[in-house]
Structures are given as C-alpha cells and as structure tokens.
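The block underneath contains the structure these notes are about, expressed in structure tokens.
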Amino acid sequence: MIDRRLFTMPGIRKTLGMLAVLITLQAFSVLFQGKYLSMSIVTLWQQKPFVAVLQTFGFFLVAFVCRHLLTVLKNYVVGHWVEKTVTTLRHDVLKQVGALGPKIIQEKGTGNTVTLALEGIDKAQTYLMLVLIKMFDMMIIPWILLAYLFTVSWPEATFMLAIYPVVIIFMIILGYAAQAKADKEYANFIRLSNHFVDALRGLPTLKQLGLSRRYATNIHRVSEDYRKSVLSTLKIAILSTFTLDFFTTLSIAIVAVFLGFSLIDGTKALLPALTMLVLAPEYFLPLRNFANDYHDTLDGKNALGDVLDLLSRPTLIDNQQLKLEQWNTESHLTLDNVTIAYNDNDEPTLTIEHLALQGYQKVGIIGRSGSGKSTLLNLLGGFLAPTNNEKQKIMLNKQPVEHLQLQAWQKQFQYIPQTPYIFHATLAENVAFYAPDASEEAIILALEAAGLATFWQNLPNGLATLIGEGGQAVSGGQAQRIALARAFLTPERRVLLFDEPTAHLDIETEMNIKKAIIPLFENHLVLFATHRLHWVKQMDYVLVIEDGKIVEQGTPDELASRGGAFVRLVADVNQLGGVK
Amino acid sequence: MQTIIKMFNTDKWVLPYLRRYKKLLALVIFLGFMTVFCGTALMFVSGYLISRSAQHPSNILLVYVPIVLTRAFGIGRPVFRYVERLTSHNWVLRLVSDLRKKLYLQVEQRATTIRQEKQTGDVLALLADDIQHIENLYLKTIFPVVIGWLLYLSFTIFVGYFNWAFGLLMVLLFGVITILLPLISVALNGARSFKNRQLQHEVYVSLTDGVLGLTDWVIAGRQAEFVEKQTVLMQQQVKIQRQDMQFTWWRDFILNLIVAGITFVMLYFGKVQFGDSFFNVNYIAAFTLAIFPMIDAFQGISAGLTEIPTHQASLERMNSYDDLTVTAPQTATVDQAKVLDFKEIIFEDVTFHYPNQEQSVLSHINLKIDRKGTYALLGPSGAGKSTMLQLLLGDLQPTSGHFKIDGYDLETLQEYRHDLFGVLDQQPYLFNTSIMNNVRLGNLTATDDDVKAAIAAVGLRELVEKLPDGYNTVMTEGGQRFSGGERQRFALARILLQDAPIIILDEPTVSLDPITENEVLTTIFKLLADKTIIWVTHHLTGINFANQVYFLDNGNFTMSGSPQALYAHNQHFKQLLDLDTGMIN
C-alpha cells in the first residue's frame, strides 16, 4: 500500500508531524459537530421552541467550520511537500535519462520513457497527494471518535470496534489479489502506449504492405485487451470497496436497528442514540475514503515505484577529476582486453584485444554489415559501457578510465551517425546544436561547407525555417549534411566519429561531399566506419572487423601486402560491379 | 461558455457515442442515482426509526417497516454502487477502444505525409492523454453531473411536496451548490485548466523531441540544458496546477459553508413543518440526517464541471484530426485479375510541384514500363526519384499528366494498390514484435516455414537461429537491436512473402556493405525474376541487373539507355561507374 522509500524522501517527517496535529484537531471538530447536531435535533424533537436550539446549533456551526478549515490546511501542508517532491523527482528523472544516455531509450522505448517522465510522475503526484492524508485520517480520526462513542454507549461501540478488523482483513485479502492484477494492468498500459507509437511510426511501412487499414483492428484489439485487464482488476479492486461499503453501511443499519430496540425498551435516551447514529458514518468515513481511491493509488504507487527504480539505476560514474586537454598530436587512447555485450550474460558482440589510437590518425573501420563497426563506435563514444572484466584496461592520455562515458571525453568529439536526428527546431538551431552561440555567419559557412547553400537559401524562412518532424521535410541526404554542418561548426572538437555517414548519399553527392569532408580531417583524429572502400585512400590506418573482432589492423599498405582479411575484402569488392 | 457549446455542436468524438449508446447510458445513470438514493434513504429512515423508537411505541410492529427499509437500503447502496462502477468503466473503456481505432484510421489516411503534419510526440500525447481525458469526461463529468442534478430535482420536489415555500428555498440553496458554484468554478478556473492542458501537450511534444535526439544532447554536453528546457515548461505547469488545487480546496470550503446553511434551514423546516405533532417530530431527524449523504453526490458536480475546459482542449485537438480527411479518388470498375495481368505502365507528360513551392519537382516526364522489365532510376538526392515513386503509388497526385496501366488511370485503381505493388524503401519499419510476426506482415497467410524460407533467402537464417529466442526474438523499438543492414534484409524478407507483380525498390541497399549489397541484389533479382521492377538507386552497384537506366536530375531525364550502351558511349556514366566500383587499384 505504501512504498517504503516514501519515508526516506526529504521533508517527509516534518510534513507528517504537522499533518498528525491537524488531523487530531479535526477529529475533535468532527466529534463536536456530531454531538451538537444531535443535541439540536433532540431539542426540536422534544417540541421546544426554535430559539432553544440556536445555542447548540451555534456550537455545531463552529465545529463544522473548523473541520472544513482544517481540511484546507491539511491540503496546504501536504500539497506544499508534494509539489516540492514531485518537482525534484521530475528533474531527477530527466537528469537520470540524460546520464544514462541513449542506451536507456533503446531499452525502454521512446514512448515509454516519455510516458514515465510525464504521465508516470503525474500519477505519482496524485498518489502522494491522496495517500498521506487518507492514511493518516484513517490512523487517527476513527479512534478518537470510537473512544468517545464508548462513553456514549459501549455495546454499539464494541460492535463497531469488532467490525473494523473484519473489514480490514477483507480489504487486505482482496487488496493482494488486486495488486497483482494492477501490476499487470500497468504493464499493459505501457505496452499499449508503446504499441500505438510503434504503429504510427511504422505507418508508411504498413501502408506499403496494404495492412494499414487492417492494423486498425489490431489497435482495437490491443485496446480491448487493455479494457479486459482493467475490468478484471476493477472487479476485484471494486470488490474490496464493495466489501467495505457493504460492511460499513450495513453496520450503520444494524446500529440503527439495535438502538431502536434499546430505545423501545426504554434502556436508552434519544440523544446518545442519535449521537451514535450521526457519528457512526464518520467513524467509517476515513476507511471508506481510503478504499474509494484504492484503485487510483495502486496505479500511482506502481508509477512511483517505476520512477524510483529508474532513479536508483546505477549510472556510470563520470570521472570529474579527469583532466583532458584538447586532443592534439600527442594525445592517445588505448584499449586492451575490452569486451561489450548488449546484456551482461550475452555473448560479447565485440572483443578488442588491443587498439591504440594516437594524435591525428585517420582510422578507417571496415567490415561487413553487422560485424561490429557500430558497436566499436558506440564504445568509443561512451554510449555503451564495456562488460566488466578484470583484464580490461582503457588508457586515455595515460590516465586509466573504466569506460568512455565521460563528459571531458565527449566534449572532444563529433559523432555523425547513419541517420542523424533532426530536432523540431529552426535550421539554424539544428546546425548550431553543438555550438549554440555560433554566429549566423558561421552557421552559413558551415552550411555551405556541407553543401547546403542552395538548400537553405530556398527555404521559405531561410535559417529560421522550422525543420524536423512537423516542419519542413528534410531528406535523408539533407539530414546527413546538416550533421556534417554541425561538425564544420565545431572545429574545436578534434575527434570525429563517423558511422557510415555517406551510406544514404548517392555516388555523385558522396564525391562532392567527400571534397568537403577531407579538409575537415586535417588536425583531427578520425574514426571512419564505412563500406565504401574508396575512403581507404584518405586513411592512414585501417581496422578490419569480422564477427565482433578486430582481425587485422595496420596502414593500408601494410594490409595490402599482408594478403589477409583486408586483401580478401578488397578483392571481393573489386570483383563486383562493372559492365559485363 | 459559448465556445464550449459551439464545440459540443461540432464535435465528432463524444456526442455521437452518447447518442449511439443511449440505453446503456441511461442504465449507468439509473444505477448511479440509486446508489445515492439508497445512501440518503438509509440515513432518512434511520433517523426516523430512532426518533420513533424513542417514543416507546407499544408494539415493535409499529417500527417494523422502517427496520426492514433500513436493512434494504443498507444492502442496496453498496450493491448498486458496485454494479454502477463496473458498468460505467466497462462502457467507457469500450468507447475508448473505438476512439483509439478512429484516431488511428484518421491518421492512417494520411500515412505518407503525416510525419510532416503531426509530430510523433503530438500523436503520442493525443493517445496517452487526450483519449484518457475523454475517459474522464464520462466518468468524472458527465455521469456525476447528470446524477447529481437528478438527485437535486427529486429532493427539492420531495421537500416541496410538504411545503412549497421550503421547497423553493431548497431549490435556491441546493441550486447554489449544484449550479451557481460550479459555473463560477468553470469561469474562474476554466482558463487556467485550459492553459494547463496546453502546457501538458507542449511538454509532451518537447520531451519526445528531446528524447529522440538524446544522443546529440549527450555528446554536445548539453544534458543540463536538456533538463532545463523541459523544466521551464514543467515549472509553469506546476504553478498553474498549484493555483488550480488551491482554488478547489477553497471552493469546497465555501460549498461546505452553504451546507451548514442548508442544515440550519432544514432544522427550521423540521420545526415549522413537523415540530408541533407528537408523531411528526420524528421527521426532523430524518430530514436533517439525509442532507449529508446527498452533499457527497453534489460535490461531484462542481469537480466534474470544473474539468470541462480541460476536456475542451483535448476535444478540440481530436476534432482537428477530422479536418485532415482526404477524399478518396473514384474507383474504376476493372477486374482484379486483368489489372494484375497488365502489359505496360505509361507515364504521360507527368509534372509535379508541391502546392507551397514554385519549383517543379518533376517536369514533363514520359516513360514506358513494360511488364517484367527492370528499370533503374538514378540521380542525386532531391532530384525527384522518391516523388516519382510516391506519384506512382498514388500517395501524391500529379499536377498535370497521367499514369496509365493498360489505359486505366492509375488513380482509379487504388483498391488494387497493394496487390500491384510491393515496396522496399530506404527505412522500412520493424515493429516491436517477434521476428516471425514482423516478416509475416508481408503475407499474413504465410506459414512458419514460408517465413523461415524468406529469412533464409535474404541470408539471415544463421543470425536469427543464433539468437536465444530464435524466430521469436522480439525486435526492440524500430528494430534497434539489429544493424541497419540486417533491418533492411528483414524488410526484404517481408517483400519476398508479399507476392506482387510490380516491385518498387527505393534505394533498398543504402546501408549495406558492397559485398552484402551485391549478394542481396543478386537474391532480389533472382527471386523476383518474373516481376516488373522499378529500382531507385543512388549508386551503380549491380547496375547490370537493369534493362534500362534513367538518370533524373532537376526533374528531367538527363541520360537513358541500357547500361551497356551507356558505358560504351556516355563518358559521364563511365566515370561514375568507375568511381563506384574501382576505387581501390
């Protein structure tokens, strides 16, 4: 019902302390409210003039107003704490996502991550707002009322005390059943939101396959599955509310009938009986309030759990002490016995026995698709952490590091992937993403260098045109050039990681762009994964990767004379094409 | 207020369903009413029972009816409540499924252009948020408000039956709670809730954009800014939410002050109406105690109505999707078999330019495609190759000129589109489901063996069988767990299963290494030897597979001919081919 981690949150104790005081005061207000209302009714029942009732009604009024004023105060106290906590949580989640990096998105899905950060935290907020007040209400109010009721009429009070644990036991039994169901429902909810985004992103593909219409049925089915699972949860979750409702309402009915009998016998007067009847619903009210929101709180509790789980994930520790000067001719990076696996128990997707990078080397990484070129770049970029192993040794400028997810290192390079992401922002903002302070002139120069001069000049609003999803359409080639423009704009980043950057470009454009890229190589450490072997001419060192291993490395000339994997690859390529 | 009424008038997402499911709606409202009625009646009867008993009636039978009623209402309330909640949730969730499907179909009509029109995050927000709001519109607004008003009506009539003057007073006092206060609520709080909804939406879109581009934020070292950017929006939201909550607290407080007033009036009414007769005084307790259970129901009205502006924003957005509707072209009456057995496709003087751009993407294109021919279409990116395919597929309509299949206008054959064309494009999408299911999307009737054969044909058998879950391995979002080349090959397997006469290859091998590319192309052309193939490519690997090569630049064909003839006679072509193949000497 309550996540223990809740009590470790900052400020919780003070809040709960204040809440307890306010609720105790409120319990007495409720008590007097019931007492004076009954007195008023009895006065009139005794056929006394209406003036006789004014004083007791005045007391009732004071108690009544106090009670509702205290409700407002309680909300303020808890609301303040919840707002602070939720703001912190949200901030921490975003920070955590930033710290965990692209890997977390790959693992959880875009939709899921966004849903967690927004919807999930919203649900957690509702949960926190509800659960604290309702729980404390339940822990304090009934007992103060009951103590008083014992002084009024002990047999009925005893009955009410006895029924309480019965209700609770039923609630707990049903609660456990509902909890398991709610977990499943939450998983369904997540699946549903990912499923829908998945369908929308894949819509063009579905349309090509002629399935897009039919897929609507699938959407409907998944949604219906969700409905069924919600309903089966509800049946139980509401059943526990029902039990409560049933027992409490019936108790009130029974108390009324009991009282009726003792009144007929003449063993009791009307006032205590009426007080009993008025306060009986109040006695059960906190429990009922708690149960009414039970379903909502289950959702919220799961969401909060998810958020806290995400926050407690270990992030790679960024070595703040690490001092890296700008990469220069003397800089070097060596990797020994490094392995990477997507999951810790999987076969390693890449094993590096030894790799030394130095100064402004131009390193070509070649190999067939899926051989591990991208994984190597992901490792070097710090997006993937190496699998822990004792023999591993990574040295960055003579300083040992555990991994490369280091801010100091990431500041040194530009990464140009196969499909760069274009933000929903202006062209200028997209190009200047890595150098937000860049001048317009610099941006224009970068665009020209990347071969986008005509492109931007023809845009309706020039540099200020919105591009990306929802904006001006950008072709794959243009997106790639925008990524290049980003690199042109940040010459101080002296390491360039290219992951098949020209794969989407036609041969003519590639040739044109190559002319622009080559000057960029100068005074840079270049790591260039590609299938297009003509790039090898621009490289002074080549890694050949096969099946997750560096099978050969050396200068192109060395490799050419060695007659190994490199020569085989070149021969295979040269054998293709041509006009027969 | 007027905008709300206007919105409800033009709405296509809520009202039609209210009308369609009238009877169920009536049932839900009846059950809800009975729940509150039983609760109120229980206190009413109990109050009477106790008061009457206190007069020491000579015979217990004199209070027998109240005793039975007390028990009946005591049991009735929870039972009605249980059934009501299940019925209403079931109904609303069913409705939500319909809405989701409806939304999807709306988006589907514009599948190829939707990415420019609506951001992915936008649509996600709509799903996760707006549709849920519709859910709440029913559960938290429509149902409680209707039930509350019904109760209001019944109770004032009941009091008016005894004394019309007090009945009128009750109309006024309860009216403040059920009508006046909610209206003030909506007026004061409406703008705020509306703003909150909009902010929420912005946050969604912004965060999705941020998360999709997370790699760039990380490398740029701008994580803090990424957080900051989202936080600014969220802070605004927090402030609005705080004001919103505080308003609600105080509104409920004022509501309760009015309840105190009502209690006073009720006591006075009891005194005036029943206070002078020995038998009637018992009703004083009955009426006074009945107020409190009712107030609970009335509280739902204020809360429910206040949320209307919130729903309004969602509804408006949902309705805006209706405006996207495209008109379907007319359909020709042609026999399917005849269409699939076509002889030639002819492009007649086709010109195309986007409505908002001056320059034509294609101008006066003429082309004849013979059955079973292989046509390669080349040119730099942006030359109009993809546009030409979109036109051919009917996703875009030519500004002037025609496409004909055996004399039929292609536009009129849209219903056969998927039987005619198989498409393998640059970025085929892999869904977050098993490999088996993904490939089977090509042909839903394919057996497991068919699927496995297709996967083997594209050279992925070894890879798939090495995976711990084999063919049941779930592809992660967008097929991320596989390399670009592998993703492309899975998509190819899908196309192989889809047995269409015309295959459109839209740069399908862009991300493959040359060796694999050649292998895949060999496979494609071997397996698809009896198909008509239109192959858009941006480099010349495997150009031998084509019968005819067309170079497109600036919307015109600049070169065309068989590859052999071009290589022999065209210097530019020869140069390009040499670049593309003989890079290492």
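Of the DSSP H helices in chain B, those that are both long (alpha-carbon extent of 18 Å or more along the helix axis) and hydrophobic (Kyte-Doolittle mean at least 0.5) are B:22-53, B:143-162, B:282-306. Answer rounded, prolate or oblate for the range A:349-401, using the Cα gyration tensor with square roots of eigenvalues a ≥ b ≥ c: rounded when a/c is under 1.5, else prolate when a/b is larger than b/c, else oblate. The shape class here is oblate. The calculated 222 nm mean residue ellipticity attributable to helices in the protein assembly as shown amounts to -20500 deg cm²/dmol, summing -39500 (n - 2.57) over DSSP H runs of n ≥ 4 and dividing by all residues.
Using the Cβ-Cβ distance between A:THR465 and B:GLU348 with R0 set to 41 Å, the FRET efficiency from 1/(1 + (r/R0)^6) comes to roughly 0.75. Note on B:GLN336 and B:THR412: the model spin-label points, each 7 Å out from Cα along the C-beta direction, lie 2.0 nm apart. Could you name the aspartates and glutamates whose alpha carbon sits less than 12 Å from that of A:LYS48, not counting residues in the same chain fewer than 8 places away? Reachable aspartates and glutamates: B:ASP276.
With R₀ set to 35 Å, the beta-carbon distance separating B:LEU463 from A:ALA187 gives a calculated FRET efficiency near 0.75.
Couplings for the range A:359-368, taken from phi via the Karplus curve 6.51 cos²θ - 1.76 cosθ + 1.60 with θ = phi - 60°, read x, 9, 5, 10, 10, x, 10, 10, x, 6 Hz in order; Gly and Pro are left as x.
Ignoring lysines fewer than eight residues from A:LYS549 along the same chain, the ones with Cα atoms less than 26 angstrom from its Cα are A:LYS103, A:LYS362, A:LYS373, A:LYS391, A:LYS393, A:LYS398, A:LYS537, B:LYS466. Mind checking which aspartates and glutamates have their C-alpha under 16 Å from A:LYS268, skipping anything on the same chain fewer than 8 residues away? Leaving aside aspartates and glutamates fewer than 8 places away in the same chain, those within reach of A:LYS268 are A:GLU156. Against the main long axis of the alpha-carbon atoms of chain A, helix A:476-489 sits at an angle near 80°.
If the segment from B:ASP530 to B:LEU172 were pulled out straight at 0.36 nm per residue, it would be longer than the present Cα-Cα gap by 120.6 nm.
Round to the nearest 0.05 the FRET efficiency obtained for B:GLN198 and A:THR329 when R0 = 41 Å and r is the Cβ-Cβ distance. So the FRET efficiency works out to roughly 0.15. Rounded, prolate or oblate: pick one for the protein assembly as shown, where a ≥ b ≥ c are the square roots of the eigenvalues of its C-alpha gyration tensor, a/c under 1.5 means rounded, and failing that, prolate if a/b is larger than b/c, else oblate. Judged from the Cα gyration tensor, the protein assembly as shown comes out prolate (a/c at least 1.5, a/b above b/c).
Under a 5 Å amide H cut-off, with hydrogens placed 1.01 Å from N, A:TRP327 pairs with A:ARG494 among residues at least 5 apart or on other chains. Here the relative contact order of chain A, from alpha carbon pairs under 8 Å that lie six or more residues apart, stands at 14 percent. Between A:ASN289 and B:VAL232, the distance separating the two model label sites (each 7 Å from Cα on the Cα→Cβ line) works out to 4.0 nm. Dipole check for chain A: with +1 at the C-beta of Lys and Arg, -1 at the C-beta of Asp and Glu, and the Cα centre as origin, the magnitude is about 1360 Debye.
Which residues does a label at A:GLN361 reach in the range A:470-511, if reach means a backbone N under 19 Å from a point 7 Å past the Cα toward the Cβ? What the label zone holds, given the 19 Å backbone N cut-off, is A:494-500.
Note on A:ASP225 and A:GLN321: the extension gain reaches 29.3 nm, defined as 0.36 nm multiplied by sequence separation minus the Cα-Cα distance. Other protein chain C-beta atoms within 10 Å of residue C-beta, averaged over A:104-112: 5. Roughly how tilted is helix A:54-100, in degrees to the nearest 10 and between 0 and 90, from the longest Cα axis of chain A? The answer is roughly 10 degrees. Inter-chain neighbour count for B:74-82: the average number of beta-carbon atoms from partner chains within 10 Å of each residue's beta-carbon is 6.
Using a cutoff of 8 angstrom between alpha carbon atoms and counting only pairs six or more residues apart, the relative contact order for chain B works out to 14 percent. Comparing A:VAL30, A:ILE422, A:ALA464 along the charge dipole axis of chain A, the residue lying farthest to the positive side is A:VAL30, per the Cβ-charge model.
Taking every alpha-carbon pair under 8 Å whose residues sit at least 6 apart, the range A:398-470 reaches a relative contact order of 40 percent. Between A:ASP572 and B:ALA26, the modelled labels are 7.4 nm apart [label points 7 Å from Cα along Cα→Cβ].
To the nearest 10 degrees, how steeply does helix A:154-201 sit against the main Cα axis of chain A, on a 0 to 90 scale? Here the helix axis deviates by roughly 20 degrees.
None of the figures in this text is laboratory data; all of them are computed from the coordinates on show. Everything numeric in this text was worked out from a predicted model, so none of it was measured. As a convention, Cβ positions derive from the backbone with ideal geometry for all residues, glycine included, and neighbour counts pool all protein chains shown.
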